Amino acid sequence: MTYGKGSRAVGPSSGAAPGRKIAVTSFLGETVKFVKLGLNMIRASLTAVAIAAAIGVTPAAGAYPTHQVSTTIEWVGPQQWIAFNYAYFTDRRHLVVGKVYGNGRVDLVDTVQPGDYYGADPIIGDNSYVSCRVVVDGVEVLRDEAYRGDGHDCNCLRTMS
């Protein structure tokens with residue numbers, strides 16, 4: 001006997017009075033039991049639980065999905081540092097130019113929301129080669145490279161959609 005999507009009837013060992021059955025259903029990992037008092041009572045109870053579950057999973061005002069972003073910059077040349085454009089740490093919607101030391105490689109990790117800048121735009125400077133790579137939530141989404149004098153601007157700076 002089924003009382004609703006994901007529901008099942010449970011026999012006497014469920015704790016119901018003799019001759020009664022309990023409808024057990026699961027919403028968002030929570031088990032809910034209803035004593036079978038009548039079809040309308042079960043429908044009303046399931047409707048109330050469904051409404052409560054829907055209200056419980058509604059994001060709070062101002063809450064946005066976040067993404068984990070990993071940016072790697074590599075370079076070859078005489079400089080032990082690299083300059084690059086990136087999102088300002090306290091306000092990811094504004095760009096700044098920074099310099100970081102890394103002996104040919106630097107890894108940056110950020111948490112970003114829609115509308116935020118992510119990644120980096122490395123400046124080749126006196127180096128002969130520069131590359132960048134961006135991974136969002138475990139998936140590589142950008143990769144770029146440039147050689148000094150090739151006319152290409154290596155850029156892995158984007159806005160999260």
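What to note about this one:
- In a reduced charge model with +1 at each Lys and Arg Cβ and -1 at each Asp and Glu Cβ, the range 67-159 shows a dipole moment near 140 debye about its Cα centre.
- If R0 equals 30 Å, the separation of the Cβ atoms of Thr66 and Tyr147 corresponds to a calculated FRET efficiency of about 0.25.
- As a proxy for reagent exposure, Val97, Val139 were ordered by neighbouring Cβ count within 10 angstrom, fewest first; the result is Val139, Val97.
- Extreme residue, positive dipole direction of the range 67-159, given options Tyr117, Gln80, Val135 (C-beta unit charges): Gln80
- The range 67-159: relative contact order as a whole-number percent, Cα under 8 Å and 6+ apart: 34 percent
- Electrostatic tally near Val130: other residues with Cβ closer than 13 Å to its Cβ, Lys and Arg +1, Asp and Glu -1, net -3.
All of the numbers you see were taken from the coordinates with simple rules; none came from a lab. This is a predicted model, so every value here is computed, not measured. As a convention, Cβ positions derive from the backbone with ideal geometry for all residues, glycine included, and neighbour counts pool all protein chains shown.
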